[in-house]
Amino acid sequence: MSKINRVPGYMQSKGNRNRGPIGDREIRYKCSMQNTILDVLRARPGWQEVSGPNTAGNQQQQGQKGSSSGSQQSKDKNGTTGASSSGGTTSAKTSTQNSTPSNQATGSATTSSKSSDGDWDFYWCDREWLHANYDTMFLQEHQKILHFRNHYELTRKNLMVKNLKRLRKQTEREMGKKEAESFDFFPTTYELPSEYHIFVEEFKKNPGIIWIMKPAAKSQGRGIFLFRKLKDITDWKKGEYQPLTDPNREVPETYVVQRYIEDPYLIGGRKFDIRVYVLVVSYNPLKVWLYRSGFARFSNSRFSLDSIEDAYVHLTNVAVQKTAPDYDPDKGCKWATQQLRQYLTAKHSADAARKVFQGIDNIIIKSLQSVQKIIINDKHCFEMYGYDVLLDANLKPWLIEINASPSLTASGKDDYDLKYGVLNDVLNVLDLENRLTGKEKRVGGFDLIWDDGPVLADDGSMECSVNGTSTTANSFLGCHCERKKQLREIYTAAQALKKTAVS
Ligand code: ADP
């Protein structure tokens, strides 16, 4: 085989690069997280870790004497410390707490002692690093990096809603009311303090309903509270809820106030939301992969509207639930999405379950389209989103929020396996090894659901044996996910195809 045949496609263009093609050497990666992603990268054959500032390897060396399992990284959803009106820091990202710690993974590559600024092919960086460096760095042809420059357009709660409202309006103008109804998947939301007066008008129109206040740029349930009376919010306005904010900030922290979904779909009397993994490899054209597995996160206590101040009842974040006095870490609070789909199918019907998951597809695509023209597209960037979706009593899915850094810390063995699989398949889709043909519609647990337009499933596809009927969209959330078998098949097929092309 000639040398050029082993060069990945995206490297064949002329580019200023200082290293040889990946096809001829190891793939050099950097990683600033010390959790499941580091295990995945270290176990990947032919991948070589390089250290440097802001890498897990470096943090490990420096923190030898500290916590045994990694760093605590402090960040808010915005990923910045000085931007706009977010309220400062504090999200604690914990490291792997599971049965398969970093380094224990098979085939573990050693950490290169070389410092490596710029000398990498793949960087799983944190958002702070990207914000601080993106504008001044020059990415070489072959480099891939996590996060798009302005990912916060979708992942800050206020901006997500602003973008969705704009596209809904545009759709109504251009295509009519009926079409715009397909955007009715996010609860009525206002940004505070900027939209306080509009909110008060809306509040008065709907006396007695419950609202939820959320800091726009925080995560893990921090700073959230529910209220029924306007008085509660006036207290907040006076500063009663301000202690969490950075005292040095001059602008008040931005919140969103949102209609609380008072009738969530309950299982065993408990509320849950669904975490869905979505990989975007390009915004222009929009190219979206949806992972088959995810999980439902249950609250620890039975749902009731009697105690709206009780976070254990109303917030389904694992970070909140695991602090409950009666939380049982062995039992956990999670169901695999497959289990949920099976439950809905058995309890209601295959059709009802299918509608739920089609509704989630709609949420994913519409939300991404709402920022498609705003996100700074860059062929070097990709994003792995964690969508949070809540079902109401009528089985209607509601978008709660979108995370650009969904937790990769595992809460148990099954959770670890799930996250390990998702992350491995992110790398499989990105295909730095150039093992695929580029035409695949499924790679491991990921299905291509949008490729500049909807992707249809192959004829006669019966992959979702849960509902037993064929779907037309190439979307299989909550369906069987035999990822390893599927990977073996596509790699064999791709190899055969490449051999034929060469001979
Ligand atoms: P965070 O980024 O802090 O996790 P979320 O917006 O995800 O904030 O809200 C945390 C939790 O609160 C959600 O997982 C969900 O259980 C609950 N929640 C948030 N918004 C609503 C809503 N509008 N109606 C009902 N429950 C909600």
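A short reminder: the numbers here are calculations on the coordinates, not readings from a lab. Just so it is clear, the model here is predicted, and its values are computed rather than measured. Cβ placement follows ideal geometry from the backbone for every residue including glycine, while neighbour counts extend to all protein chains displayed.
Under 12 Å Cα to Cα from K218, which aspartates and glutamates show up? Leave out anything in the same chain fewer than 8 places away.
The reachable aspartates and glutamates, counting only those whose Cα sits under 12 Å from K218, are D76, E253, E401.
Could you please tell me the mean projected area of the C-alpha convex hull for the stretch 317-379, averaged over all directions and given in square nanometres to one decimal?
Convex hull of Cα atoms, orientation-averaged projection: 7.5 nm².
Does the stretch 360-449 come out rounded, prolate or oblate, given a ≥ b ≥ c as the square roots of the eigenvalues of its C-alpha gyration tensor, rounded meaning a/c under 1.5 and, failing that, prolate meaning a/b above b/c?
Judged from the Cα gyration tensor, the stretch 360-449 comes out oblate (a/c at least 1.5, b/c at or above a/b).
On the first, second and third principal axes, largest extent first, how far apart are the outermost C-alpha atoms of the stretch 300-432 in Å?
49, 32, 31
When Lys and Arg each count +1 and Asp and Glu each count -1, what net charge do the other residues less than 11 Å away from I308, Cβ to Cβ, add up to?
My count for the surroundings of I308 gives -3.
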